[in-house]
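What follows is calculated from the coordinates using simple rules that are stated; it is not laboratory data. Please read these numbers as outputs of a predicted model, since none were measured by experiment. Counting neighbours? That spans all protein chains shown, and the Cβs are built from the backbone with ideal geometry, glycine included.
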Amino acid sequence: MDKEKLIAPNQIGYLILKDDGAVLESGGELKNDERSANVIMGLLNLTESIDEDFMPNSSCERITIDYDQHYYSICMSNRRIYVVKLSKTHTQNGATTSSSSSTSYNDAAEGNNIGSSSTVMA
């Protein structure tokens, strides 16, 4: 991955999009990932349709999509959309560490362990 675009030691991919969704730059696991760009633009368009009384548009500065092993951080600045994919497990001083904020649920009826994913708007 291009070290110039590295913003965190656990970064595994990035996208930089125009405000219309066109990919300007990409790298790592998100290199040339038009599908992810389209999904993210759909999510951003959905947030614009949320009732202003429930959540004012001006209050949303960042969207985080959280999975078991990684998460996406999405923010907008200067008419550009920045998407960073970050691993929850990363190496620091030769030791592997893990940070996890996700919750797993146990489906008692089926006996299945279901991992959660969540979307957080800050």
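A straight chain from Leu24 to Glu48 at 0.36 nm per residue would run longer than the Cα-Cα distance by 6.4 nm. Ranked by the mean number of other Cβ atoms within 10 Å per residue, highest first, peptides 40-47, 25-32, 12-19 order as 12-19, 25-32, 40-47.
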